[in-house]
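S.K.: So that we are looking at the same thing, I have put the structure below in structure tokens.
The values are calculated or read from the model by the stated rules, or taken from the named source; none is laboratory data. Just so you know, these numbers come straight off a predicted model, no measurement behind them. Cβ sites come from the backbone with ideal geometry, for glycine too, and all protein chains shown count toward neighbours.
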Amino acid sequence: MMAAEELAPAPAGLQVMRPGRESTASWPLIDRAGYWLCWAAGIALCLIALAIVVFMFVKGISYLRPNLLVQSPAPSIQENQAGGFFDPIVGTLILTAIGIVIAAPIGVALAAWLSEYGRPAGLARAVESAVEIIAGVPSVVLAIFGLLIFSQSFLGFLSENAADGAVTGQSFITAGAIMALLALPLIVGAAREGLTQVPDRMREASYALGKTRATTIRRVLLPAIRPNIAGGVVLGMGRIVGDTAIVIILLGLTATKTEPVGSVPVFNVLRGTGSTLTSYVYYNSPAGEGNAHEKAYAAAFVLLMIVLALNFAVTRITGGRKKANGGGRLLLRRLRPGWSK
Amino acid sequence: MPAGAAHRSVRARLGGVGGDRRAERLLGALAVATLVLIAAMAVTVFIKAWPSFQANGLSWFGSGGNVDAQLRAMDEGMPLPGHSALYIRAWPLIWGTIITTIPAVLIALAVSTLAAIFLTEFAPDAVRRTLDPVIRLLAGVPSVVYGLIGILALAPLIENHLISEAQRTSVHFVVQLEGADLMLAIVILAVMITPIMVALIAAALASVPSAWKEGSAALGVNRWRTIVRVSLRTARPAIVAATVLATGRALGEAIMLSMVSGSRGFLANPLDGITFLYEPVRPLAATIAQESGGLTIGPMAHTLYAFAAVLLVSAALLSFAGWAAKQSLKRYGIRA
């Protein structure tokens, strides 16, 4: 995009001959066709997005009732007695929190190791491609891999077990752990991008002050790339909130939260199965068993609102920086208070 | 300054303080753990999948019989007469994956290349400022929402207005045409993967050195030709990488496809002409999601893990292809 902005007023010689933008009138027909196809593609994308948002708004506003947000789902054939989706909203929040709590520290640590240490080089290359492979593995494959791992009996304490003692492997904890894999590549990518943007003289200055690499990472680099990490985390949250396959496989397709019998209350909710907004929508769509279209629309609308909010957050976090960050200058300004400490 | 501190700083410069070494080892161990995790995933999935491949041999990938009936037999624990409990001929599902993925990727490739050119070269600032969030929005919409819109809003439209009675009767003894079909799957899949491709291709186009384009313009080449001959050509490896990434997404899409593809293990036949587009399909990933309730049943689990193994291998190959494509981009010293 930068390049385009530079190209538009340049080159100076052309500007003398043809003031303003180059007109397409002089182009051969086929070139002009390409030009208009580009416009068509851009406008088509806008129209599709507009259609989706307007459609979901209309459906959402007409079916969303305040009590849907605070009622728990109830098993009922009658749609008006089947309750709302309070539990799925809570489930989405719990799952996102677990996923991010696991993925954020690991992701940042991996990025720091890759950018700052990365020895031996072969190992670094392997880890790099491992992260890329995780990003490429379909979430449904991650999900059934998770089921395989977490239904081992020695990991049975993480999930609610069936009456006959068989380990189901389904719980908020297990689903959250696999969700973390979904967010991990995004966080690693964002943090690494930030680390490559930090100029080397920062590191050199820190070493010159007698700081070790570890201290430099912790005190200089991580504070400097905080917006990048935040951006990656929010992107990861978007992925987790929107994923359905992992939820229906590792959290079950039950509508409410279930708690296994036990003593520790919080841990028990996490060990139990449950639902999220995505699985609620799936369950109530024609593909699922609930088949309550109005509720599916209402829940999908809430889901879309959450995604839009996260989108907005990403734009605020990363976009604001990009605009003023001409060649890392803002990054420097941001760093300066840290230096005087 | 105490002598110890000075000594420490010297050692720090040499990169050898105990705490630092510990930190490196800790982070390195974490990195190794990631590797182990990936290896464990590949190994466990393959071990779990092996009985299915072993029981069926190479004809696992072939076609034969009704794949839906084979899966139902596993689900109910009653093997089809004359066959083992693991009997499966997965070609209809593989075909379902291929025939949804490739057209969707081709459509997305064309649209996203044009949109990326528009975004980087032609769009006025105001339009660009709207298009940016629009693309992020399209990328962020959860697949289940795409699926819901497809099945509740678009499928009835196709069923009532596009499929003619003649088309319905022409195939009525093989398959029933409902709105959820191949066309819907391809279109929605294309919409889902376009944004990520636009983002990647636009980034590559933007990183083409502007001096190259100016050089072309100085030779009197118009802007469109400059874009095609200089920018697109330079960004070609990135376009390949973006396509590969999008293909991976499309292969792995389970939820949306399980909602809109019709979910019938039917070998949609391109020779049926236009009707082909209205025939139902059933991709691999969608099948895993739909049949996941049967993962506690032995033969079913082996079969589903075999599907997962096929997807895993495809995803790994695509990752590798994307990496290889990007290598040639590095030659120009371009990071994208």
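S.K.: Filter region B:122-166 for residues that are under 21 Å from residue A:58 (Cα atoms) and in a loop (DSSP other than H, G, I, E, B); which is nearest to the other protein chains (Cβ to nearest Cβ)?
M.R.: Checking each candidate, the answer is B:142.
For every residue, the table says whether it meets (1) surrounded by 11 or more Cβ atoms within 10 Å (Cβ to Cβ); (2) at pLDDT below 90; (3) more than 30 Å from residue B:209 (Cβ to Cβ).
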position	(1), (2), (3)
A:1	yes, yes, no
A:4	yes, yes, no
A:11	yes, yes, no
A:19	no, yes, no
A:39	yes, no, no
A:50	yes, no, yes
A:63	yes, yes, yes
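S.K.: Would you mind telling me which numbered condition in (1) at pLDDT 85 or above; (2) in contact with a Ser or Thr (Cβ under 8 Å, 6 or more places away or on another chain); (3) hydroxyl-bearing (Ser, Thr, Tyr) residue A:72 fails?
M.R.: Of the numbered conditions (1) at pLDDT 85 or above; (2) in contact with a Ser or Thr (Cβ under 8 Å, 6 or more places away or on another chain); (3) hydroxyl-bearing (Ser, Thr, Tyr), the odd one out for residue A:72 is (1).
S.K.: Something else now. Condition first: farther than 26 Å from residue B:163 by Cα and either at pLDDT below 90 or within 8 Å of another protein chain (Cβ to nearest Cβ) (or both). Can you find one or more residues in region B:260-272 that meet it?
M.R.: For region B:260-272, residues farther than 26 Å from residue B:163 by Cα and either at pLDDT below 90 or within 8 Å of another protein chain (Cβ to nearest Cβ) (or both): absent.
S.K.: Go through (1) at pLDDT 90 or above; (2) buried (at least 22 other Cβ atoms within 10 Å of the Cβ); (3) more than 13 Å from the chain's Cα centre (by Cα) and name the single condition residue B:278 misses.
M.R.: With respect to (1) at pLDDT 90 or above; (2) buried (at least 22 other Cβ atoms within 10 Å of the Cβ); (3) more than 13 Å from the chain's Cα centre (by Cα), residue B:278 is out only on (1).
S.K.: Follow-up. Does residue B:230 fit the bill of being free of Cβ contacts under 8 Å to residues at least 60 places away in the same chain and touching a Lys or Arg at 6+ places or on another chain (Cβ under 9 Å)?
M.R.: Here the answer is yes, as residue B:230 does meet what is asked.
S.K.: Tell me yes or no: at least one residue of region B:5-18 is within 16 Å of residue B:85 (Cα to Cα) and modelled with pLDDT under 85.
M.R.: No, region B:5-18 has no match at all.
S.K.: Take residue B:247 and decide whether it is under 14 Å from the mean Cα position of the chain (by Cα) and more than 11 Å from chain A (Cβ to nearest Cβ). Walk me through how you get there before you give the answer.
M.R.: Values: under 14 Å from the mean Cα position of the chain (by Cα): yes; more than 11 Å from chain A (Cβ to nearest Cβ): no.
For residue B:247, the condition - under 14 Å from the mean Cα position of the chain (by Cα) and more than 11 Å from chain A (Cβ to nearest Cβ) - is not met.
S.K.: So how many residues does region A:206-230 have that are at pLDDT below 90 and either within 12 Å of the chain's Cα centre (by Cα) or assigned to a loop (DSSP other than H, G, I, E, B) (or both)?
M.R.: Matching residues across region A:206-230 total 3.
S.K.: Does residue A:182 satisfy being touching a residue at least 12 places away in the same chain (Cβ under 8 Å), within 15 Å of residue A:236 (Cα to Cα) and crowded, with 18+ Cβ neighbours inside 10 Å?
M.R.: Taking the combined requirement at face value, the residue satisfies it.
S.K.: Something else now. Say we look at region A:203-243 and pick out the residues that are free of Cβ contacts under 8 Å to residues at least 12 places away in the same chain and of a type in the set (D, E, K, R); which of these is farthest from the other protein chains (Cβ to nearest Cβ)?
M.R.: The selected residue is A:226.
S.K.: Look through region A:93-142, keep the residues that are farther than 18 Å from residue A:186 by Cβ and touching a residue at least 40 places away in the same chain (Cβ under 8 Å), and return whichever of them is farthest from the other protein chains (Cβ to nearest Cβ).
M.R.: In this case the residue turns out to be A:94.
S.K.: Residues of region B:176-211 being away from chain A (no Cβ under 11 Å), farther than 23 Å from residue B:142 by Cα and either touching a Gly at 6+ places or on another chain (Cβ under 6 Å) or crowded, with 19+ Cβ neighbours inside 10 Å (or both), which ones?
M.R.: Listed by number, the list holds a single entry, B:177.
S.K.: Sticking with this structure for a sec: Name every residue in region B:43-83 that is part of a loop (DSSP other than H, G, I, E, B) and surrounded by 12 or more Cβ atoms within 10 Å (Cβ to Cβ), in order of residue number.
M.R.: Within region B:43-83, B:62, B:63, B:64, B:65, B:66, B:77, B:79, B:80, B:83 qualify.
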